[in-house]
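Below is one structure, written out as structure tokens; comments come after it.
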Amino acid sequence: LGPKVGAHLGALGKHHQILCVTHLPAIAAAANHHMRVHKGVESGRTRTQVTPLTGEERVAEVADMISGGQEHATARAEAQRLLDA
């Protein structure tokens, strides 16, 4: 299902601006741009940080989605395959 949704969003993105928040690696890998959104508490206030990801950071983030936070070479390989597709 994820690859089909990613392909559909990619087709829509050719003519429209699409902003998609997802935890599915196949959808994230289909994007033209990838950003990490992190929420944390600093000095008692909730802050949200948005960081653009490129190159190896993008591979690592998609691999993290695949492996659920565990470091696995197979997850990195699958992340790279998804990003190259």
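The values are calculated or read from the model by the stated rules, or taken from the named source; none is laboratory data. All figures in this text were calculated on a predicted structure; none of them were measured in a lab. For neighbour counting, all protein chains shown are included, and Cβ atoms are generated from backbone atoms with ideal geometry for every residue, glycine included. Each accessible area value is taken on the protein alone, full model and side chains, heavy atoms only, with ligands, DNA and RNA left out. Shrake-Rupley method; radii C 1.70, N 1.55, O 1.52, S 1.80 Å.
Place a +1 charge on the Cβ of each Lys and Arg in the chain and a -1 charge on the Cβ of each Asp and Glu, then give the dipole magnitude about the Cα centre in debye, rounded to the nearest 20. Each step should come with its number before you reach the end.
On the way: 9 positive and 8 negative charges, 68 e Å.
About 320 debye.
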Notebook entry, point to check: How much net charge surrounds Ala60 when only other residues with a Cβ under 13 Å from its Cβ are counted (Lys, Arg +1; Asp, Glu -1)?
Noted result: -3
Notebook entry, point to check: Whole-Hz Karplus ³J(HN,Hα) for the range 26-38, in order, using 6.51 cos²θ - 1.76 cosθ + 1.60 and θ = phi - 60°, x for Gly and Pro?
Noted result: 5, 6, 4, 5, 7, 6, 7, 10, 10, 10, 9, 10, 10
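Ignoring ligands, DNA and RNA, what percent of the 1.4 Å accessible area of the chain is carbon and sulfur?
54
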Checklist line | Surface per residue (accessible, 1.4 Å probe) for the chain, Å² | finding: 77
Margin query: If you filter the range 1-54 for trypsin sites (Lys or Arg not before Pro), then keep DSSP loop positions with at most 15 other Cβ within 10 Å, what is left?
Written below: Lys14
Next item on the list: Please list the non-local residues whose amide H lies under 5 Å from the amide H of Thr22, H modeled 1.01 Å from N, same-chain partners needing a gap of 5 or more.
Entry: none
Notebook entry, point to check: So who's got an amide H within less than 5 Å of the one on His34, skipping anything under 5 residues away but keeping other chains? H placed 1.01 Å off N, in plane.
Noted result: Leu53
Notebook entry, point to check: Taking every pair of alpha-carbon atoms in the chain, what share in percent sits in each 10 Å bin, from 0 to the bin with the longest distance?
Noted result: 17, 45, 29, 9, 1
Notebook entry, point to check: Hey, if you put +1 on the Cβ of every Lys and Arg and -1 on every Asp and Glu Cβ in the chain, which of His33, Thr74, Ala60 ends up farthest toward the positive end of that dipole?
Noted result: His33
